[in-house]
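The values are calculated or read from the model by the stated rules, or taken from the named source; none is laboratory data. Model, not experiment: these values are computed from the prediction. Every residue, glycine as well, gets a Cβ built from its backbone with ideal geometry; the counts of neighbours run over all protein chains shown. We work out accessible area using only protein heavy atoms, side chains counted, and drop any ligands, DNA or RNA first. Shrake-Rupley method; radii C 1.70, N 1.55, O 1.52, S 1.80 Å.
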Amino acid sequence: MTSPGLTARRGGPLKGRVRAPGDKSVSHRALIFGALAQGLTEIEGLLEGEDVLRSAAAMRAFGAEVEHLGPGRWRVVGQGRFSEPTDVIDCGNAGTGVRLIMGAAAGFDLAASFTGDVSLRSRPMNRVIKPLAEMGATFLGRSGGRLPLTLKGGDLRRIEYRLPEPSAQVKSAVLLAGLHAEGGAAVLEPEPTRDHTERMLRGFGAQVQVIDQDGVRHINLADGQKLTGNQVRVPGDPSSAAFPLVAALITPGSEVTVEGVMLNPLRTGLFTTLIDMGADLRIENQRDESGEPVGDITARFSELKGVDVPASRAPSMIDEYPILAVAAAFATGVTRMTGIGEMRVKESDRIALMAAGLSACGVGVEEEPEGLIVVGSSGGNHPASGGAQIITRGDHRIAMSHLIMGLAADGEITVDEPGMIATSFPGFVEMMRGLGGDLG
Ligand code: S3P
């Protein structure tokens, strides 16, 4: 289905205070943990984006009671086990949803079939099939490890799995399966990835041991551990907060505060990079919410300069390179992003689409197999030319990144399929309009 496009135009400065929507990673996990646990889990601030709503429906299909109480407020009653679903589980656009749920379901004696939208059906599932099959699960489906797939779970054995790619989804799938595997599970991470699963395992009463050995994180989960229902307050999503914050940095005269942004150090690579670029970003009111550090971030228009982003920073900002590329387009000098091959297997090939989109907007850009180089247009005085129609291939972050660019570029920028923004950031358009952005 195609929806009409959405256009962003340059206007006055952006001003205001907003609240970041709930974090997508923590929201998926809160529902899955609630369903796996015994007893009542109460969630506040859940992201009600389409991806997460698919996970809520999936948890119902596996036998949990899942109830929507009010905006962001959900109640999950788990049985401590999954039962066999009577229909195919459709995870929509959500890689996190499907990979974590396959891991969670693999521990039980059941068969379950999974599918997703056209993007999800093209994404690699072998990265979770491989370790889960090694633990004893079986998979039947399309060749090449693509959805739709049917999983047969139960009778799992321990695995010690060294992640071949830095993926928190794969780590989480193995740990969730390990909850019901004889001997538990261990994951070895040469490059640390977001640790929401480890934090939430602890929050729901499991013991997880994490040790650093020669720069490799060893995460060990012993077997026979029970999860008990918990209260979860979902912190604001730094990956979503990035859009209004970068909009303020590149639009002259702007000042925007986003409240309640999660500051887990394994998620804040973009903010570190923007500060390296000279961004006026201030963090205030730092606190803890449900085991995650949180703060309010204020961004003011800044003269940015290009930087080399270290490859080692990639896992802590993997979803933020599209919007970083937009910030880089408004900087003075060149920004080099390396070690970002994982971007090619997200909701779209994000390296290719950002290179095409920036180039259509008159920005100097070079695509590498695992990198992107952006030549800045020298800041607010010489904004990028814009004036383009962008093909997003249904990727929410490609759409939002180009719309933010359109708020500061010379010519208007239109994106196709803006409806897909609702997968991760349902209130994006209203929020940006409320800050003064001309979107329509
Ligand atoms: C996520 C992990 C990342 C990220 C995704 C959310 C998670 O994916 O891109 O949006 O919640 O674990 P990978 O694990 O594939 O890097």
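Residue check: Ser27 meets all listed conditions (1) open to solvent by 20 Å² or more (accessible area, probe 1.4 Å); (2) within 30 Å of Val256 (Cβ to Cβ); (3) at pLDDT 95 or above but one, namely (1). When Thr228 is tested against (1) more than 16 Å from the ligand (Cβ to nearest atom); (2) touching a residue at least 24 places away in the same chain (Cβ under 8 Å); (3) over 21 Å from Ala30 (Cβ atoms), only condition (3) is not met. Just one of the numbered conditions (1) in contact with a Gly (Cβ under 8 Å, 6 or more places away or on another chain); (2) more than 30 Å from Val98 (Cβ to Cβ) is not true of Gly339: (2).
Every test in (1) touching an Asp or Glu at 6+ places or on another chain (Cβ under 7 Å); (2) within 14 Å of the ligand (Cβ to nearest atom) is passed by Gly72 save one, and that test is (2).
Give the residue, chosen from Asp276, Asp212, Asp195, that is more than 14 Å from the ligand (Cβ to nearest atom), at pLDDT 95 or above and not assigned by TED's automatic domain parsing to the domain that holds Val334.
Values: Asp276 fails: not assigned by TED's automatic domain parsing to the domain that holds Val334; Asp195 fails: more than 14 Å from the ligand (Cβ to nearest atom).
Asp212 is the lone residue from the list that is more than 14 Å from the ligand (Cβ to nearest atom), at pLDDT 95 or above and not assigned by TED's automatic domain parsing to the domain that holds Val334.
Quick check on Ala206: is it in a loop (DSSP other than H, G, I, E, B) and more than 16 Å from the ligand (Cβ to nearest atom)? Here the answer is yes, as Ala206 does meet what is asked.
Ala352 fulfils the conditions (1) within 17 Å of Asp319 (Cβ to Cβ); (2) surrounded by 24 or more Cβ atoms within 10 Å (Cβ to Cβ); (3) out of contact with any Phe, Trp or Tyr (no Cβ under 6 Å at 6 or more places or on another chain) except for a single criterion, (2).
Please find, within the range 138-169, the residue that is nearest to Gly95 (Cα to Cα) out of those that are touching a Gly at 6+ places or on another chain (Cβ under 9 Å) and within 16 Å of the ligand (Cβ to nearest atom). Residue satisfying both the conditions and the ranking: Gln169. Residues in the range 45-58 include none that are in a loop (DSSP other than H, G, I, E, B), open to solvent by 60 Å² or more (accessible area, probe 1.4 Å) and among the hydrophobic types (A, V, I, L, M, F, W, C). Evaluation of Ile32 against the conditions (1) in contact with a strand residue (DSSP E or B) (Cβ under 9 Å, 6 or more places away or on another chain); (2) crowded, with 21+ Cβ neighbours inside 10 Å shows that the sole unmet condition is (1). Apart from one condition, Gly103 fits all of (1) in contact with a Ser or Thr (Cβ under 9 Å, 6 or more places away or on another chain); (2) more than 16 Å from the ligand (Cβ to nearest atom); the exception is (2).
Look at Leu188 and say whether it is in a strand (DSSP E or B), open to solvent by 10 Å² or more (accessible area, probe 1.4 Å), within 16 Å of the ligand (Cβ to nearest atom) and not β-branched (Val, Ile, Thr). For Leu188, the condition - in a strand (DSSP E or B), open to solvent by 10 Å² or more (accessible area, probe 1.4 Å), within 16 Å of the ligand (Cβ to nearest atom) and not β-branched (Val, Ile, Thr) - is met. In the range 381-410, which residues are open to solvent by 20 Å² or more (accessible area, probe 1.4 Å) and in contact (Cβ under 8 Å) with a residue 12 or more places away in the chain? Matches in the range 381-410: Pro383, Ser385, Gly387, Gln389, Ile391, Arg393, Asp410. In the set (1) in a helix (DSSP H, G or I); (2) of a type in the set (A, V, I, L, M); (3) touching an Asp or Glu at 6+ places or on another chain (Cβ under 6 Å), Leu266 fails one condition alone, (1). Entry remark, the range 219-251: residues being open to solvent by less than 30 Å² (accessible area, probe 1.4 Å) and either in a strand (DSSP E or B) or aromatic (Phe, Trp, Tyr) (or both) number 5 in total. Listed by position, the strands (runs of 3 or more DSSP E) contained in the range 341-440 that have at least 3 residues being assigned by TED's automatic domain parsing to the domain that holds Arg313 and closer than 30 Å to Leu46 by Cβ form an empty set. Do we find that Ser27 is hydroxyl-bearing (Ser, Thr, Tyr), in contact with a Gly (Cβ under 7 Å, 6 or more places away or on another chain), within 16 Å of the ligand (Cβ to nearest atom) and in a helix (DSSP H, G or I) in this structure? No. Per the conditions (1) surrounded by fewer than 17 Cβ atoms within 10 Å (Cβ to Cβ); (2) in the same structural domain as Gly376 (by TED's automatic domain parsing); (3) within 16 Å of the ligand (Cβ to nearest atom), the sole criterion not satisfied by Leu270 is (1). Val246 falls short on exactly one of the conditions (1) within 23 Å of Gly78 (Cα to Cα); (2) touching a residue at least 60 places away in the same chain (Cβ under 8 Å); (3) under 22 Å from the mean Cα position of the chain (by Cα), and that condition is (1).
Considering Ala37, Ala57, the condition of being over 24 Å from Glu417 (Cβ atoms), away from the ligand (no atom under 16 Å from the Cβ) and either of a type outside the set (Lys, Arg) or modelled with pLDDT under 95 (or both) is satisfied by Ala37 alone.
Any idea which residue in the range 325-347 is farthest from the ligand (Cβ to nearest atom), counting only those that are without any contact (Cβ under 8 Å) to a residue 60 or more places away in the chain and crowded, with 20+ Cβ neighbours inside 10 Å? Out of the qualifying residues, it is Ala331.
Check whether at least one residue in the range 210-218 is part of a strand (DSSP E or B), among the polar types (S, T, N, Q) and either within 22 Å of the chain's Cα centre (by Cα) or over 18 Å from Ala168 (Cβ atoms) (or both), and report yes or no. Within the range 210-218, one or more residues are part of a strand (DSSP E or B), among the polar types (S, T, N, Q) and either within 22 Å of the chain's Cα centre (by Cα) or over 18 Å from Ala168 (Cβ atoms) (or both).
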